[in-house]
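First the structure, in the form of structure tokens, and then the observations on it.
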Amino acid sequence: MRLTTKGRFAVTAMIDLALRQSAGPVTLAAISQRQHISLSYLEQLFGKLRRHNLVESTRGPGGGYSLARKASEISVADIVSSVDEQLDATSCGGKGNCQGDDQGPCMTHDLWTTLSQRMLEFLQSVSLQKLVDEQIAKGVHVEEKTMFKRAISTAPVLKPVRVNAPNSVFALGTVPISK
């Protein structure tokens, strides 16, 4: 049994989100950039996380994702199972037909079933808040959300120069010539 990148990336992205959501919704593009995870892959993962009510999305300018529940109420097992990650170490998928339909479970079936149960218990015991607290204790820098403002140029605005001269050849004849 191994945890694939789907489960690993989902947990990593959720930690990133939980660390930064106090400043408002967090964009997937920002998570993608910080964690080096493909944006399209994050979109797939967050679609599943949203369907399992772990995250909420906010549309429009300043939108993004935020946690649907407190980080202390979300376990790693919730995250991993929401992205369709299997926590089963048996070769039969827990069905007990390891050696074929008629022969029943293999000799090590109980061992792998117990391992699967222990892994699930462990991942249920670890909250997202605990992982966030560990990152903060390690000194992870959480930058404030930067709001995009319209650029203000430091160069002065030049007003057009008004020239008091004729603007055509025909207007030359109407302008008095000074002597």
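Here is how the numbers come out for the structure above:
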| item | result |
| --- | --- |
| Sole exception among (1) in contact with a helix residue (DSSP H, G or I) (Cβ under 9 Å, 6 or more places away or on another chain); (2) part of a helix (DSSP H, G or I) for ILE37, by number | (2) |
| Region 51-92, residues that are basic (Lys, Arg), in contact with a helix residue (DSSP H, G or I) (Cβ under 9 Å, 6 or more places away or on another chain) and over 19 Å from LEU19 (Cβ atoms) | ARG51 |
| Tally, over region 53-68, of residues that are assigned to a loop (DSSP other than H, G, I, E, B) and either open to solvent by less than 20 Å² (accessible area, probe 1.4 Å) or modelled with pLDDT of 95 or more (or both) | 4 |
| Condition check for SER91: modelled with pLDDT under 95, open to solvent by 50 Å² or more (accessible area, probe 1.4 Å) and of a type outside the set (Phe, Trp, Tyr) | yes |
| All positions within region 1-34 that are among the β-branched types (Val, Ile, Thr) and not in a loop (DSSP other than H, G, I, E, B) | THR5, VAL11, THR12, ILE15, VAL26, ILE31 |
| Selection count, region 103-139, where residues are at pLDDT below 85 and touching a helix residue (DSSP H, G or I) at 6+ places or on another chain (Cβ under 9 Å) | 2 |
| Residue count, region 8-38 (criterion: in contact with a Gly (Cβ under 8 Å, 6 or more places away or on another chain) and within 18 Å of ILE79 (Cα to Cα)) | 2 |
| Residue list for region 112-126, filter: hydroxyl-bearing (Ser, Thr, Tyr) and in contact (Cβ under 8 Å) with a residue 12 or more places away in the chain | THR113, SER116, SER125 |
| Of the criteria (1) touching a residue at least 40 places away in the same chain (Cβ under 8 Å); (2) open to solvent by 60 Å² or more (accessible area, probe 1.4 Å), which one GLN44 fails | (1) |
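The values are calculated or read from the model by the stated rules, or taken from the named source; none is laboratory data. Bear in mind that the values here come from a model prediction, so they are computed numbers and not experimental data. Every residue, glycine as well, gets a Cβ built from its backbone with ideal geometry; the counts of neighbours run over all protein chains shown. These area figures cover heavy atoms from the full protein model, side chains too; ligands, DNA and RNA do not enter into them. Shrake-Rupley method; radii C 1.70, N 1.55, O 1.52, S 1.80 Å.
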